[in-house]
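Visitor: I am attaching a structure below and will ask some questions about it afterwards.
The values are calculated or read from the model by the stated rules, or taken from the named source; none is laboratory data. For clarity, every value in this text was computed on a predicted model and none was experimentally measured. A quick note on method: Cβ atoms are made from the backbone with ideal geometry, for glycine too, and the neighbour counts reach across all protein chains shown.
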Amino acid sequence: MAVPDAVELERQFAAVGERATPPVTDATLTLVRNAPDDVQDRSVTFWLDDERWDNLRYGQEISRNIAPGPHRLRAHNTLVSTTFDFDAKPGEQIRLRCANAVSKGGALMMLIIGWAAMRVRIERDAA
């Protein structure tokens, strides 16, 4: 049985090291729309990094895998929009809550003129 030369041993050793390195895994982004102050009206459309993702109605939840790194989520309820910047780490489970809520002073506006301006809010969900 022949003993491999030094170059062959180095190649085999390098290949073992490559197999031992775990691959970079995606993060998971989950959006929920279940905030208690949500007006439960109007669907909210989402774009992730300027690519249209999906619509979300009250009580719904959507998820997708995303690459690690910085991301921008944009939400629009056909009246107003907001953006949320975040950084995803490999294997991280990111859970964001969206709410379509009445803006400050909205209750007073509703009493006086019968309508109120709404805003879209995105925040980290601890659940």
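Visitor: Can you name every residue in region 60-77 that is among the polar types (S, T, N, Q) and surrounded by 12 or more Cβ atoms within 10 Å (Cβ to Cβ)? Spell out how you get there, then give the answer.
Guide: Residues of region 60-77 that are among the polar types (S, T, N, Q), as a first pass: 60, 63, 65, 77.
Hits for region 60-77 are 60, 63, 77.
Visitor: Considering only region 35-51, state which residues are at pLDDT 95 or above and basic (Lys, Arg).
Guide: Within region 35-51, no residue meets the criteria.
Visitor: Can you name the condition, by its number, that residue 99 falls short on among (1) loosely packed, with under 14 Cβ neighbours inside 10 Å; (2) at negative phi; (3) modelled with pLDDT under 95?
Guide: Condition not satisfied by residue 99: (1).
Visitor: Can you name the condition, by its number, that residue 125 falls short on among (1) of a type in the set (Asp, Glu); (2) surrounded by 12 or more Cβ atoms within 10 Å (Cβ to Cβ); (3) at pLDDT 90 or above?
Guide: Residue 125 satisfies every listed condition except (3).
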